[in-house]
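Just so you know, all these numbers are worked out from the coordinates, no wet-lab data involved. None of the values given here were measured: they were computed from a predicted structure. Cβ placement follows ideal geometry from the backbone for every residue including glycine, while neighbour counts extend to all protein chains displayed.
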Amino acid sequence: MTGETGSMESIDLLIYGPSKPVVERGFPERYALHLCAQPGDVERLADDVRARIRGVAVTGLVPTNAEMLARFPKLEIISSFGVGYDHVDAAWAAQNNVVVTNTPDVLTEEVADTALGLLIATLREFVRADGFVRSGQWATQAYPLSAGSLRDRTVGIVGMGRIGQAIARRLDASLVPVVYHSRRPSAEVNYKHYPDLIAMAEDVDALVVIIPGGPSTSKLINAEVLAALGPRGVLINVARGSVVDEPALIAALQSGGILAAGLDVFAEEPKVPEALRALQNVVLLPHIGSASVVTRNAMDQLVVDNLKAWFDGKPPLTPIPETPVKGR
Ligand code: NAP
Ligand code: 8YV
C-alpha cells in the first residue's frame, strides 16, 4: 500500500499542533493544508473538510488518540514530530491500516548532548554556581566544592537505543564506565547489560533514563529504584515524565535518599510541582532535549518528507515499528 493519488486531485492534510513554518511552507500547491493548533480546533473542523483529510502532520506532543483520529474516515498516514510517539494511538492506527511515522536519528546527537550536559550540570552544580556569581557572593567567599563529580562514578543508562548509544559514546570519551538496562541486550554494544533495573541501580551512582514513554514504562523509576541508587546517586531523565514516579523522586531528593536530579521532562508538562521547583539539588529544563534551530528544522523537514513520499506513491521514510507499512 502506498498513497498514490489521481493527477490533479488535491491532497487534504491536517497540520495538528504548534505552528511550524517549515511544515506549513513545505508542501506544493496540490496539497490543501488545514491548521488546527489545539484539540478543540479539530472538533470545529467542517464536516466536508474532515471527510477529505488523508494525512495528519502532528507537530508536537498533542493528544492524537483514537477519538480524535476516528474523525477522519479517509486517513492514510500520521506523520508525527519527535522520535517518541506515546501521544499517538499507534495501536488504533495499525488496526485501521493507517501508517505512522516519527522523526528518529536526526535528533539523536542533539538529545545526547543535552543528556550529558545535564548530567555534568547536575553533578557539578553549574546552575547554582551561576547564581552565586550573579548575586555577587563570589566577592566575599569561594563557591563550595561540589559533592558530585563525573570522575568517581559509573553511569547506568536505562535504554540503549539510538540516543542511549550516543550518550554512552560521549561517556566513553569522558573515561566514565557505562552499564545499561533494557529488556533485551543490544547486539550493537559491549557494555554490561543488566536485565534487572534494581540490580543495576544498586551497582551505579548515576542513572540516565532514555526510553520511550507509555504504559509499558510508566513509573519504571520508582521508590525502590531510587532507594537502590542511594544517597550518592543522581537521576537524569531525558525520556518522558511518565517514566518516573515524580512524588517518589521528590521524597528521595528531600530526604537525601539520592543526591540530585537533572530533569528535562515532567509528568504533567508544562506544570512542574512546586515541591520540585523549591529544591536546590535539581536542575530543571523545559523539555529542550532536541530544541535547537538546526535539529528542530531537520525534524520538521522529516515530518514533511514522510508525507510527500507517501503521497508520491513511495513507502514512508521513517515508519514506526508497529506501522502496517514498512519503509524502503
Ligand atoms: P530507541 O532507539 O527506540 O531506543 C529505546 C530503548 O529503550 C531501547 O534500548 C529499548 O530496548 C529500551 N526500552 C524500551 N522499552 C523498555 C522498557 N519497558 N524497559 C526498559 N527498556 C526499554 O529510541 P531513541 O531514539 O533512543 O529514543 C528514546 C526515547 O527518548 C524516545 O522514545 C523519547 O521518549 C525520548 N526522547 C526525549 C527527548 C527530549 O526532548 N527529552 C528527545 C528525543 C527522545 P528494549 O526494547 O530491548 O527494551
Ligand atoms: C520533542 C521529543 O521535544 O523526540 C522526542 O521524542 O521528546 C522531543 O524531541 C517533542 O517531540 C516535543 O514536540
* Collect residues whose amide H, placed 1.01 Å from N in the peptide plane, falls under 5 Å from the amide H of L35; neighbours closer than 5 in sequence don't count. => I15
* Structure fact -> Counting only DSSP beta bridges with both partners in the range 204-293, the antiparallel fraction in percent, to the nearest 5, comes to 10 percent
* To do: Mind ranking 30-37, 181-188, 255-262, 72-79 by how tightly packed they are, going by the mean number of other C-beta atoms within 10 angstrom, highest first?
  => 72-79, 255-262, 30-37, 181-188
* Share of antiparallel DSSP beta bridges in the range 108-284, in percent to the nearest 5? -> 5 percent
* Expressed as a rounded percentage, what relative contact order does the chain have, with Cα pairs under 8 Å and six or more residues apart? -> 20 percent
* Across the chain, how many lysine pairs, 8 or more positions apart or on different chains, have C-alpha atoms separated by under 17 Å? Please give the number. => 4
* Of Y143, Y16, Y194, which is the most mobile in a GNM of the chain whose springs link Cα atoms less than 10 angstrom apart? -> Y143
* To do: Count charges around S79 for me, please; just the other residues with Cβ under 11 Å from its Cβ, Lys/Arg as +1, Asp/Glu as -1.
  => -2
* Sticking with the crude label model, points 7 Å out along Cα→Cβ, report the distance from I288 to T154 in nm, one decimal please. => 3.3 nm
* Relative contact order for the range 108-284 using alpha-carbon pairs under 8 Å, separation at least 6, rounded to a whole percent? -> 20 percent
